[in-house]
Every structure is written in structure tokens, then in C-alpha cells.
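Mind looking over this structure? Questions follow.
The values are calculated or read from the model by the stated rules, or taken from the named source; none is laboratory data. Not measured: the values here are computed from a predicted model. Note that we place each Cβ from the backbone using ideal geometry, even for glycine, and neighbour counts take in every protein chain shown.
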Protein chains: 2
Amino acid sequence: MKTVSLNRSHGGVQGVYTHTSSACNCDMTFSVFSPPQADTQSCPVLYYLSGLTCTHANVTEKGEFRQIAAELGLIIVCPDTSPRGDNVPDDEQYYFGQAAGYYLDATEAPYATHYNMYSYVTGELPELVSQNFNADMDRQSVFGHSMGGHGAMVLALRNPGKYKSVSAFAPMCAPSQIEWGEYAFSRFLGTNRETWQAYDTVALINSGSRLPELLVDVGTADQFLESGIRPGLLKKACDETGIDLTLRMQDGYDHSYYFISTFMNDHLAWHAQRLGLTD
Amino acid sequence: MKTVSLNRSHGGVQGVYTHTSSACNCDMTFSVFSPPQADTQSCPVLYYLSGLTCTHANVTEKGEFRQIAAELGLIIVCPDTSPRGDNVPDDEQYYFGQAAGYYLDATEAPYATHYNMYSYVTGELPELVSQNFNADMDRQSVFGHSMGGHGAMVLALRNPGKYKSVSAFAPMCAPSQIEWGEYAFSRFLGTNRETWQAYDTVALINSGSRLPELLVDVGTADQFLESGIRPGLLKKACDETGIDLTLRMQDGYDHSYYFISTFMNDHLAWHAQRLGLTD
């Protein structure tokens, strides 16, 4: 792991790092905020998964998470959204290929060689974090935005007990049922839609996967409300299966980081409580 | 004035606007955050002046000012750092020309036609703000970073009573005495150094200009501490003239927005008190 940059911020350290990923077969960049508490004790880890078109940098610069993370004592880990590089297959659509890895392990050529973000964020990245930061790996949680909200919910649904809590900003709730997801999943996973269910929150819930609880914020002015997010499908699935979903429709908010940063404090406080940092 | 974008954030509205500037003879872009209180009452205005290489966008995205501005009820206005456009003279040095207007009115050709940021930020921009926002123009304050910290201090020193308070992050304290400023001032104002004093904080103080008080944060790891900031010269000038300077050397912080955002809350709270929003 190589250090790209270190900046003192809000009493802690905001770092950016690169390493050669075995899961993705390319160099990967990610950011970690270490709160001041990590100087003297191991701290719980909260992963933030970003949305389409983003790298680690967008939320690191615009997410406004450091002040409260420093107060609470949370390590915040922000990976990239896909493998990267000249050798990594890409696409002309912004919703597929580089910056659009959907946090899945691809099975189809030519994508399967590099597009293994599921293995990366559930396995390789936590291992790196555990080796290089003062992280309490028994206390991990995950959240994300849009495609990253999809990723966060899928990670939590598929790995019961691994994450103490999960939340999302404007998540893609049912990628199998939207144009973006159909385009991406058919190329990453093939045309048999049965295989898509392993990476679709609503499908996972409907086929028996469970979460104890879930916090989701969605803006009422989100430009992708029906084309990408479909919170109604998530609500229906949770209602029918008894999942304790807190779905908050936020009046006038859109899909941007101005929305995310507004509710960042709420999400970090929610995770901190479930990670045992607060009562 | 045309609206470029509006995003709901922290209960208020973050807007970006353009207009044709008569002071700068070009189109200018700026951002305004209107807190929720502005829906029902006029609110005081705090101008943020940015540093070299920046536009309005850097601090708007990375400054982390909206949460506390919304709590306090402050309108935050962030202008660009220079005139812009194909017709505006530029330079190959990042510290002169476009994105480096030094908040002065140029007197020398070919710069004097466009480079009138002093008139812009003290006159034309406040007029626009007063016409288009629910702003209490009897309560204005100013702060900024680096070249913008220089601008904020010069504005306050040259206009006693116009601004209720002034503060700065890592300001250029004595531009006449550093390479950046010598390069820029000699081109904007000519080679007679006497004329430079009107835009140099330390020179203004030493020639009799006064401020009731001043808050300045500087990082000890600032890469421009001696080449650009020179806080010692400011301290000496304030000590010798009885200006109540609070100069905080912040351990381990650099020149970046990670530094600015860390102390943003302190600065807004400080201004809010002097603008009569808090006791």
C-alpha cells in the first residue's frame, strides 16, 4: 500500500492510498479518514460506497463526514467504484464499465478478469484496512449512495452479522428492474436473470435474505427517483417481510452531494450507536 | 442575473449564479447559500474570498460551511477570484492573471479593463446580493483563504465600518514582500511600490489603517508559510498598533480545504457573534 496524500483534518488524518489489487487485477485507490481516537485505541470502521461516475474523491471532498466522524471516533473508508486502467474494459455509457462496477463479481468475459468489486470491498479492502489502520474489525458497518447504496444493502444482506448496520442515500433498490441495471447486469453476469438476484436488494429480500433494520434517505426532487432509485419497491419488500425500514423522503432534496452531506451527520450517528460508540 | 443551479442543502438553498459584470467587463459567476431563516427574515451576509487557482466552486463544494450557516442564519456569498474569459488577459504563472485577481483594481494596461475585483467585491456584488436575496446589508462581514484572506483584510482595513468583522485562513499578510505579490502587483499596479501599499495588509496597518479585531488561523504545516503567508509580519504589525489579533497556529495543518473546513465552524461562529446573531 502506498500513500498518495495525508492531510490533517478535524483533528484526524485524511489519507489517500493506492495498492495493487488481486481481486480487480489493477491498481486501486481509496481514502481513509482516521479520527483522533485512532491514535490511542482501535476504532470501528464505516465503509462508504459511492455512486456512478464517482471515485473515492467525490465523497472524500464533498461528503462533510469528518467533523462528526472525529467526534464519534469512526474510521471512514471510501473505495473507488470500479477497477481502473487502460487494460480494464470500459463502455461509452456512464452507467456501465469504469466508475460503474456495481459492487459485484462479474462472470462474463471480458469483464470477469477485473470487475470483482464484491470480493474487493468485502475481502481484500477490509484486510488492507485491518493491516494498516487502528481498526476494530469486529465492528464494521457500511453505507453508500445510489449505486453505492445498492452495494451497501447487498453487502449487508449477503453477509449476515458481518456489518453491524447499513444505511443508504438514494440507493438503487432494484437494479434488475431499471435500465441502468439491466444494461450492466446483462454484460457483467450474462442474460440469465436468475443470476442477477444475488446483486439486487429487492430480489434478495423477496427470496429470503434479511436485515434487522435499515435507514434510507431519498430526496423528493431526486432526478432518478423512478428511473434509478424506486424506493417504493424497497418499502414494499421490507413491509412484506418485516424488515424495520426507516425510509425518509426528504422534501426538495435532489441526488447530489448537497443532499448527501445534509444527512451525513444523521447516518454517522445512526451507525455509531449500532457500533457501540454511543448509547 | 441568471441562475446556473439550485440545490437544497442543510435546510437552505445553495445557488450558483452568473451575470455580466460592469466592474470586470465580463461574465462573472458566484455562489450564494441562503439559510432557511432567509425564507422569512433578512439575514446578515458573510463574503468568502477564495485563493489562487480557485473559482467560487472550490469552497462551495469543500468548505463545509452550510450546516453551521443554516443553524446561525447566515447568507454566504462566494465570488470568483478574477475576471474570466477569452478576452481577459492571462498569464502562464498560476499566481497571476485568471484565478489570481488579488481583489484589487488594476491601473496598468492591458489589465485595467477587466481586473477590478476590488470594485467588484465591494460594490457591484453587494448590490446584486441586496437586489436578489433576503439580505440585511447593514450586517456584512468578510473572510477568506490565502489570496482571499489578503482580500478580506484589505477590504476591511480600507472600509472602516462596512464590515462588522473580518477573519482569514492562512492569508497573504504582506503581498508586497513575497514573490507572488511582487510579480502580480508590478503588472497590475506598475513598478511604483508606493501604489502597492493600498492592497497590502501589513503596509496598510503600518500606515495607519485599523481594525478593531482580527481572527486568523494558519497551519504549522502550511507549505506556503514563509513564501506566501508570513504570519509573523502580521503579528508584528498588530502588536505594534494595538490591533486585537487572535492568531492561531494550528498544529499539523496544511494549506488545503481540509484545513479550511476544520476551522470553518469557528470562523462562522465568530462572525455570527459580531453580526448580532448570537450573544
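Note down all Cβ pairs under 8 Å where the first residue falls in the stretch A:256-278 and is more than 12 Å from chain B (Cβ to nearest Cβ), the second is of a type in the set (Ser, Thr, Tyr) and surrounded by fewer than 20 Cβ atoms within 10 Å (Cβ to Cβ), and they're at least six residues apart or on different chains.
A:269/A:278; A:272/A:278
Any residue at all in the stretch B:203-220 that's within 14 Å of another protein chain (Cβ to nearest Cβ) and more than 20 Å from the chain's Cα centre (by Cα)? Can you show your working first?
Within the stretch B:203-220, the first condition is being within 14 Å of another protein chain (Cβ to nearest Cβ), and the residues that meet it are B:217-220.
The next check asks that each one be more than 20 Å from the chain's Cα centre (by Cα); those that pass are B:220.
Yes, the conditions are met somewhere in the stretch B:203-220.
Go through (1) without any contact (Cβ under 8 Å) to a residue 12 or more places away in the chain; (2) part of a helix (DSSP H, G or I); (3) within 17 Å of residue B:245 (Cβ to Cβ); (4) small (Gly, Ala, Ser) and name the single condition residue B:203 misses.
Checking residue B:203 against (1) without any contact (Cβ under 8 Å) to a residue 12 or more places away in the chain; (2) part of a helix (DSSP H, G or I); (3) within 17 Å of residue B:245 (Cβ to Cβ); (4) small (Gly, Ala, Ser), the one that fails is (1).
Further, regarding this structure: I'd like the full set of residues that are acidic (Asp, Glu) and farther than 17 Å from residue B:151 by Cβ, limited to the stretch B:176-214.
At the first step, the residues of the stretch B:176-214 found to be acidic (Asp, Glu) are B:179, B:182, B:194, B:200, B:213.
B:179, B:182, B:194, B:213, listed by residue number.
What about residue A:232, is it away from every other protein chain (no Cβ under 14 Å), without any contact (Cβ under 8 Å) to a residue 60 or more places away in the chain, surrounded by fewer than 21 Cβ atoms within 10 Å (Cβ to Cβ) and assigned to a loop (DSSP other than H, G, I, E, B)? Write out each step before concluding.
Working: away from every other protein chain (no Cβ under 14 Å): yes; without any contact (Cβ under 8 Å) to a residue 60 or more places away in the chain: yes; surrounded by fewer than 21 Cβ atoms within 10 Å (Cβ to Cβ): yes; assigned to a loop (DSSP other than H, G, I, E, B): no.
No, not satisfied.
Here's something else I'd like to know. What about residue A:158, is it surrounded by fewer than 24 Cβ atoms within 10 Å (Cβ to Cβ), in contact with a strand residue (DSSP E or B) (Cβ under 7 Å, 6 or more places away or on another chain) and among the basic types (Lys, Arg)? First the steps, then the outcome.
Details: surrounded by fewer than 24 Cβ atoms within 10 Å (Cβ to Cβ): yes; in contact with a strand residue (DSSP E or B) (Cβ under 7 Å, 6 or more places away or on another chain): no; among the basic types (Lys, Arg): yes.
The answer is no for residue A:158.
I need the full set of residues from the stretch A:7-25 which are part of a strand (DSSP E or B) and surrounded by 18 or more Cβ atoms within 10 Å (Cβ to Cβ), in order please.
Here is the first cut: in the stretch A:7-25, the ones part of a strand (DSSP E or B) are A:7-9, A:12-21.
Those that are part of a strand (DSSP E or B) and surrounded by 18 or more Cβ atoms within 10 Å (Cβ to Cβ): A:7, A:8, A:9, A:12, A:13, A:14, A:15, A:16, A:17, A:21.
Quick check on the stretch A:29-53: of everything there that is within 14 Å of chain B (Cβ to nearest Cβ) and in contact (Cβ under 8 Å) with a residue 60 or more places away in the chain, which residue is farthest from residue A:268 (Cα to Cα)?
A:39
When you look at residue A:73, is it within 14 Å of chain B (Cβ to nearest Cβ), surrounded by fewer than 23 Cβ atoms within 10 Å (Cβ to Cβ) and at pLDDT 95 or above, yes or no?
Criteria not met by residue A:73.
When you go through (1) surrounded by fewer than 19 Cβ atoms within 10 Å (Cβ to Cβ); (2) closer than 22 Å to residue A:58 by Cβ; (3) among the charged types (D, E, K, R) one by one for residue B:90, which number turns out not to apply?
Residue B:90 satisfies every listed condition except (2).
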